[in-house]
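Trainee: One structure, pasted below without further comment.
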Amino acid sequence: MSGLTALFALTTWQVAADGPLRGLDERAGRALVGHGPRWLTEFLADLGNMQVALPVLGCAVGWSLLRGQRRAPLGAVLAMAAVPLLVVPLKDWIARPGPLTEATGYYPSGHAATAAVAYGASALLLGRLVRRRAWMMPVAAVLLTAATGIGLVLRGYHWPLDVLGSWFLCALLLVLPGVLSRSRRRSSSRTPSC
């Protein structure tokens, strides 16, 4: 966890202070914009829209609740609620211009953050419920999150570090559902049986 915090701090510092990584990031971003079929890159970027990602998380939370889980779904909802509470002030504070515009507020990427938390938390919730092929849940979450980031960069909606910074931040947020579900297992294992 401290490694993720350090990576997020380093990325944020480089973007905010106009460090060497930011220059490299912007050169790479300019080279990548416009590659790939427009319809596909737009589709991938849209995976980070709230209208797409939140229903996925809602279904995973609902299924977990129906299966008797309480703490892990609460952690997933709290992690998702934390996304705008953290991302919006950071966007305002850093005020980074976007790849194809002079408008500011592009670091960190809200769409990348939404995708990372929604798909990651869904994988954590459903992976606990699906015993067979549980490995598919985190793989699907990583693929959907990576596809979103790729789409955002190729469409020119965000610089690569905008996406990467969001992933580091959201990996920290995804600790919450896991911690809450583990605390439930520990407390229930100490409960005496009659």
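Laboratory data are not the source of any read-out in this text; all were calculated from the coordinates shown. Quick caveat: nothing in here was measured; it's all calculated off a predicted structure. For neighbour counting, all protein chains shown are included, and Cβ atoms are generated from backbone atoms with ideal geometry for every residue, glycine included.
Trainee: Do you know the relative contact order of the range 60-110, to the nearest whole percent, from alpha carbon pairs under 8 angstrom that are 6+ apart?
Mentor: Working: 38 pairs, mean separation 13.1, N = 51.
Reported relative contact order: 26 percent.
Trainee: I want to verify a result. In a Gaussian network model of the chain, Cα cutoff 10 Å, which of these has the top mean-square fluctuation: 21, 85, 144?
Mentor: Greatest mean-square fluctuation among the candidates belongs to 85.
Trainee: Right, here's the next one. Of the candidates 27, 132, 96, which one comes out as most mobile in a Gaussian network treatment of the chain with C-alpha springs shorter than 10 Å?
Mentor: Residue with maximal mean-square fluctuation among 27, 132, 96: 132.
Trainee: For a test of the definition: using alpha carbon positions, the gyration tensor, and the 1.5 limit on a/c, classify the range 115-177 as rounded, prolate or oblate.
Mentor: Values: a/c = 3.77, a/b = 1.85, b/c = 2.03.
In terms of gyration-tensor shape, oblate.
Trainee: Right, something else. 222 nm [θ] for the chain, helices only, -39500 (n - 2.57) per DSSP H run of 4+, per residue, to 500? Walk me through the numbers before you get to the answer.
Mentor: Details: 9 runs with 147 residues, N = 194.
Taking each H run of at least 4 residues, the total per residue is -25000 deg cm²/dmol.
Trainee: Using the charge dipole of the range 26-109 (Lys, Arg: +1 at Cβ; Asp, Glu: -1 at Cβ; taken about the Cα centre), state which of 36, 68, 81 has its Cα farthest towards the positive end.
Mentor: Comparing the listed Cα positions along the dipole, 68 ranks first.
Trainee: Another question about this same structure. Of 58, 125, 95, which is farthest on the positive side of the dipole of the chain, counting Cα position, with +1 on Lys and Arg Cβ, -1 on Asp and Glu Cβ, and the Cα centre as origin?
Mentor: It is 125.
Trainee: Tell me which label goes with the value of Cα Rg over 2.2 N^0.38 Å computed from the coordinates here: (1) 0.97; (2) 1.10; (3) 1.54.
Mentor: (2)
Trainee: Fully extended, how many nm does the chain gain between residue 103 and residue 67 (0.36 nm per residue separation, minus their Cα-Cα distance)? If you can, show how the numbers build up before the last one.
Mentor: Working: separation 36, 0.36 × 36 = 12.96 nm, distance 4.54 nm.
Contour length minus the Cα-Cα distance gives 8.4 nm.
Trainee: Give the distance, in whole Å, between the Cα centre of the range 108-178 and the Cα centre of the range 41-78.
Mentor: Each part's Cα centre sits 11 Å from the other's.
Trainee: Quick one: angle between helix 136-154 and the longest Cα principal axis of the chain, in degrees between 0 and 90, rounded to 10, please.
Mentor: With both axes taken from Cα atoms, the answer is about 20 degrees.
Trainee: Can you give the charge dipole size of the chain about its Cα centre, rounded to the nearest 20 debye, using +1 on the beta carbon of Lys and Arg and -1 on the beta carbon of Asp and Glu? Can you show the working numbers first?
Mentor: On the way: 19 positive and 8 negative charges, 271 e Å.
Rounded to the nearest 20 debye, it is 1300 debye.
Trainee: In percent, what relative contact order does the chain have, based on Cα pairs under 8 Å that are 6 or more apart in sequence? Intermediate results must be reported in sequence, preceding the final value.
Mentor: Values: 291 pairs, mean separation 66.1, N = 194.
Worked out over the chain, it gives 34 percent.
Trainee: Along the charge dipole of the chain, which of 11, 159, 170 sits closest to the positive end, that is, farthest toward it, with unit charges on the beta carbon of Lys, Arg, Asp and Glu (+1, +1, -1, -1)?
Mentor: Towards the positive end, the residue furthest out is 170.
Trainee: Right, here's the next one. Taking the alpha carbon gyration tensor of the range 11-58, what are the square roots of 5 times its eigenvalues, largest first, to the nearest whole Å?
Mentor: On the way: eigenvalues 157, 66, 5 Å².
Computed over the range 11-58, the values are 28, 18, 5 Å.
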